[in-house]
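Inspection log for the structure reproduced underneath, given as structure tokens.
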Amino acid sequence: MESIKSCFFQYSTPRLLAVKSQGIGLIYRLYQLGAFIFFVGYVILSGHHQVTESILSSVTTKVKGIAQTNTTEFGEQIWDVADYIIPPQEDGSFFLMTNMIVTPNQTQSKCAEYPTLKSICTSDLNCTKGFKYAQGNGVQTGRCVHYSDSVKTCEVSGWCPVEKNVEPPNPALLADAENFTIYIKNNIQFTEFNFSKRNILPNMSRSYLDNCVFHRNKDPNCPIFRIKDIFEETREDFQTMAVHGGVMAVQIQWDCDLDKGLCAPQYSFRRTDKKDPKSSETQVHNLRFAKYYKNSDGKDTRTLFKAYGIRFDVLVYGEAKQSDFLITIFNVGALLSYVKVVDFIIDKIFLCVDKEYKKKKFDEHQLQ
Amino acid sequence: MESIKSCFFQYSTPRLLAVKSQGIGLIYRLYQLGAFIFFVGYVILSGHHQVTESILSSVTTKVKGIAQTNTTEFGEQIWDVADYIIPPQEDGSFFLMTNMIVTPNQTQSKCAEYPTLKSICTSDLNCTKGFKYAQGNGVQTGRCVHYSDSVKTCEVSGWCPVEKNVEPPNPALLADAENFTIYIKNNIQFTEFNFSKRNILPNMSRSYLDNCVFHRNKDPNCPIFRIKDIFEETREDFQTMAVHGGVMAVQIQWDCDLDKGLCAPQYSFRRTDKKDPKSSETQVHNLRFAKYYKNSDGKDTRTLFKAYGIRFDVLVYGEAKQSDFLITIFNVGALLSYVKVVDFIIDKIFLCVDKEYKKKKFDEHQLQ
Amino acid sequence: MESIKSCFFQYSTPRLLAVKSQGIGLIYRLYQLGAFIFFVGYVILSGHHQVTESILSSVTTKVKGIAQTNTTEFGEQIWDVADYIIPPQEDGSFFLMTNMIVTPNQTQSKCAEYPTLKSICTSDLNCTKGFKYAQGNGVQTGRCVHYSDSVKTCEVSGWCPVEKNVEPPNPALLADAENFTIYIKNNIQFTEFNFSKRNILPNMSRSYLDNCVFHRNKDPNCPIFRIKDIFEETREDFQTMAVHGGVMAVQIQWDCDLDKGLCAPQYSFRRTDKKDPKSSETQVHNLRFAKYYKNSDGKDTRTLFKAYGIRFDVLVYGEAKQSDFLITIFNVGALLSYVKVVDFIIDKIFLCVDKEYKKKKFDEHQLQ
């Protein structure tokens, strides 16, 4: 009872030893001031006085350029954007066809499978009606037929004639694509901070945007990129990658300090399907699509494209920072705990150098 | 040695001055209690007792509506979703074609380039065989030919006849599109908190979803949006934007307080390709795609579309908050440092008003 | 003046009571050491010594498999990837068509609307020229014509004949799709930590990747997933979902502790359009696309597909953690405030058990 009473009706304050020394007193106050300034400064310089918000981004892309091919199969041909971008529009990503294996005039019928270990046969006994497998081009009919004069394979029901399982042309058909340009429009937003910006800066005029090409040093803000330049920066060879395809990231970094009004995009490039040098993985990026026709008899016909190409991914990242009173209070408060550590050290030094100080500071007590 | 020994075998506690005063004692305890409650309350009210997790989202969209066009070129025509959404499916984004420049019956051949400063010629000497440029429609053959009776341009090899580089129709062909509706299905997940939710709420019946249309005040939860309403909210004019195209964001904000069980979507709209008023940038969103045919001779033919339209981006953002014991401990701990600041002030006041207090509190010591 | 002078030219230190007790002294030091170790340990074990960075991801997918259908309408037909993936490429998401309602040979003309409550008529008076509605197939001409021998509907101008508004086939046409496989390639990056990784691990050889199939226990790292397995894990029935379509998420979680060098993908699956059991919402995922032809007269013709299918979304999430000196300092500092709480408790115990201790610790003072 007594102790509870004293707890509530009594105010306790430490008894202090006032060390009369102008030098020490001043140094100690300077130390305290210095520690406080240091902590506040440290919090601010290390950016721990700011809150961050992650980015909300919207991207559109547009590719420009014309490529010329000359194949024995189709003769001379010109490819424009409607031919080589598949599908015509995507969200922050697009596929640029650079090479292809074309199988024209396929119809639903029966024909010899492409010769592989699994499909070569000598008689109908090697083939199973209804059998199909992932790499195959159709469902086996159970018959063994001539694929060519020398080879017999199991007949399949499917799109005939079947696609040839061959290596793509080398050099790539659309080797010209390295001179194509990509125009990237990016709008970003920080909803909490109520801030939005585009990578098309207000001072960019129509004529500038019609003619500029991104250059790391000479024109680092132009949003139009030549594919050759992208590949040179990443030290990948476009002509090699064009044969079997690949995935290339165009990265846009926005690190915005809204206190300072700094907010500008930075562009970088990176191959994202780079395999480990030790790995035996096949590095290929392809997809299959078809153009569908009715032939003269009204029968459904298609031209199958096994399209190799570069998938471009526009990856936008970064964050905005803005100073926040509360977070500063929290972080300075956390550091203030460390003031006492230095207090302790100073005290120990005094105890060593001054016997009288020790005597006066301490009252001794033997616990009973 | 002595000091190390005393350090480990001695317990030091501050000697206190017990100020016997019921009023002060009570006030001081109340202040301590108040400070603690204030700090805990501040941490909780400012949301610093909660941890946040960012959102994982999956979006599907479906557009409905029929548009009618009547052009001299194609006569009366009806457009449904299979005609005006290109490509038919995307991930949280789609392109609604509202206007177009159509170039039918293109085949790979040779023809006069569209007249521009770069292509107009008077004789073959003005044309360079093999030359091509980004805005061109093919590769020059080196000949200068008649584009029309009055104009001669360099002949190109490519898809012929070439696209006319003209302004798109005004008013836009698919002006009816402002009455189309967009049905947006959104599933969000917070994996750490093991929480997921959809924007289709459990109490929405089949008949409600068949008939409702989003309205900011009357029906703010309906996931079906009329395009006209979206444009009215953003104060953009649909008919103007439909001519040259543009990019519109449908933003879904999920700010979920899982402690309170609050988690609902909020919809807003924003034009993301809005240019700076001072800028001379051309505000256009278009893409080119083609429909491929075999003509009666079996030759590859295409109808090229330069499609202007609105790209809709569904942008989902927000975060979930849930109270976390540890983060509360950290933040209250950081604030506790500030209790001492008030202690210091109270002490100074006592020192001023009470000479005896000062005498008893301090022992003086002259450093030797 | 005096007090300001003493403030700056005087160093104050608490007067202490040195309790001479080897036991207590040692225990107190152990407690202090223990508290410090505990706080540092707690901060580290709870992961509050690390900073986190969110993920930057790029995904490509490839589906393999052949399906066979046998309909009275089209006879026996084989479907490969170019037929059932629409569009052929997307960014981390694709649509696998599993069922469809096909309307072949549509041309722009006039025909009877499909019979519904809104379209059935008895005379031209029931039909309004120019009227169109969201579920309709065209613009009404104002005439009432025979849809069949028994039913008359309002004539519409549009793609004719109109699509039949019927239930999709059950079982689904591409029931074989459950044996298809999905190959997912995922590259992730943490830009601040300058760390990137792929889900194709360096030790995966070409032959392994040609043959492996993901299995939760036996092969949890193989990036190739059989659709049947995905559905079994989520306890959804593929054949049911294939009829009306749906949305399935393939989730890849990367929780990387860069201090420990741990960073591996974990796969999970989830149906994201799962409706509330009480809801009467229709659970459907379909889209419409068309294949365009010129018929023998050169007239634009299309085959309309109302395609039901599974939308697969590859959702990548997770974060990297790396220890950070500053954040450790902040969090340990915040906890140090709590040391004093225990000091207070220890002191109270002494005050209770030892009257002499209390007498020496406190000087009494009556406030004047």
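Checking the condition more than 35 Å from the chain's Cα centre (by Cα) and of a type outside the set (Ser, Thr, Tyr), which residue from C:Leu335, C:Leu315, C:Leu326 passes?
Result: C:Leu335 is the single residue among C:Leu335, C:Leu315, C:Leu326 that is more than 35 Å from the chain's Cα centre (by Cα) and of a type outside the set (Ser, Thr, Tyr).
For the range C:169-191, check the following and say yes or no: at least one residue is of a type outside the set (Phe, Trp, Tyr) and on the phi > 0 side of the Ramachandran plot.
No: zero hits.
Is one or more of the residues making up the range C:226-235 on the phi < 0 side of the Ramachandran plot, basic (Lys, Arg) and more than 10 Å from chain B (Cβ to nearest Cβ)?
Yes, the range C:226-235 has at least one match.
Looking at C:Val59, is it in the same structural domain as C:Leu304 (by TED's automatic domain parsing) and more than 30 Å from A:Thr141 (Cα to Cα)?
Yes: the conditions hold for C:Val59.
Identify all residues within the range B:118-150 that are more than 10 Å from chain A (Cβ to nearest Cβ) and either closer than 25 Å to B:Thr303 by Cβ or in contact (Cβ under 8 Å) with a residue 60 or more places away in the chain (or both); write none if there are none.
Residues satisfying the conditions are B:Ser119, B:Gln140, B:Thr141, B:Val145, B:His146, B:Tyr147, B:Ser148.
Test B:Val19 against the criterion of being buried (at least 19 other Cβ atoms within 10 Å of the Cβ), closer than 28 Å to B:Asp343 by Cβ and facing another protein chain (nearest Cβ under 8 Å), and give yes or no.
The answer is yes for B:Val19.
So, in the range B:309-338, how many residues would count as being in a strand (DSSP E or B) and open to solvent by 10 Å² or more (accessible area, probe 1.4 Å)?
9
How many of the residues making up the range A:206-257 are more than 21 Å from the chain's Cα centre (by Cα), under 17 Å from A:Thr98 (Cα atoms) and open to solvent by 10 Å² or more (accessible area, probe 1.4 Å)?
3
Hey, could you check the range C:185-197 for residues that are part of a loop (DSSP other than H, G, I, E, B) and not acidic (Asp, Glu) and say which is nearest to C:Gln251 (Cα to Cα)?
Per the criteria, the residue is C:Thr191.
Any residue that is more than 9 Å from chain C (Cβ to nearest Cβ) and of a type in the set (D, E, K, R) - is there at least one of those in the range A:241-255?
Within the range A:241-255, one or more residues are more than 9 Å from chain C (Cβ to nearest Cβ) and of a type in the set (D, E, K, R).
Quick one: which strands (runs of 3 or more DSSP E) lie wholly within the range C:53-117 and hold at least 3 residues that are at the interface with chain A (Cβ under 7 Å from one of its Cβ atoms)?
Qualifying strands (runs of 3 or more DSSP E): C:56-64, C:75-79.
Quick one: how many residues across the range B:39-68 are of a type outside the set (A, V, I, L, M, F, W, C) and more than 30 Å from C:Phe312 (Cα to Cα)?
Residues that pass the stated criteria total 8.
Here is a check on your reading of the model: is C:Val156 open to solvent by less than 30 Å² (accessible area, probe 1.4 Å), facing chain B (nearest Cβ under 10 Å), more than 42 Å from the chain's Cα centre (by Cα) and not hydroxyl-bearing (Ser, Thr, Tyr)?
So C:Val156 passes the test.
Would you call B:Thr272 buried (at least 17 other Cβ atoms within 10 Å of the Cβ), within 9 Å of another protein chain (Cβ to nearest Cβ) and either closer than 26 Å to A:Phe190 by Cα or not aliphatic (A, V, I, L, M) (or both)?
yes
Do you know which residues across the range C:203-217 are within 9 Å of chain A (Cβ to nearest Cβ) and in a loop (DSSP other than H, G, I, E, B)?
Across the range C:203-217, the qualifying residues are C:Asn203, C:Met204, C:Ser205.
Would you mind finding the one in A:Ile182, A:Ile200 that is under 30 Å from A:Trp254 (Cα atoms), open to solvent by less than 20 Å² (accessible area, probe 1.4 Å) and not in a strand (DSSP E or B)?
After applying the criteria, what remains is A:Ile200.
How about the range C:27-40: which of its residues are within 13 Å of chain B (Cβ to nearest Cβ) and either open to solvent by less than 70 Å² (accessible area, probe 1.4 Å) or under 30 Å from A:Asp91 (Cβ atoms) (or both)?
Scanning the range C:27-40 gives C:Tyr28, C:Arg29, C:Tyr31, C:Gln32, C:Ala35, C:Phe39.
Give me a count of the residues in the range B:63-104 that are open to solvent by less than 10 Å² (accessible area, probe 1.4 Å), without any contact (Cβ under 8 Å) to a residue 24 or more places away in the chain and in contact with a helix residue (DSSP H, G or I) (Cβ under 8 Å, 6 or more places away or on another chain).
0
Working only within the range C:127-136, note down all residues that are at pLDDT 90 or above and surrounded by 15 or more Cβ atoms within 10 Å (Cβ to Cβ).
Selection gives C:Cys127 alone.
Could you grab me the full set of residues in the range B:127-169 that are among the charged types (D, E, K, R), over 21 Å from A:Gly75 (Cβ atoms) and assigned to a strand (DSSP E or B)?
Residue satisfying the conditions is B:Lys152 alone.
The values are calculated or read from the model by the stated rules, or taken from the named source; none is laboratory data. A quick note: this is a predicted structure, and the numbers were derived from the prediction, not measured. Backbone-built Cβ (ideal geometry, glycine too); neighbour counts: all protein chains shown. Surface accessibility is based on the protein's heavy atoms, side chains included, excluding ligands, DNA and RNA. Shrake-Rupley method; radii C 1.70, N 1.55, O 1.52, S 1.80 Å.
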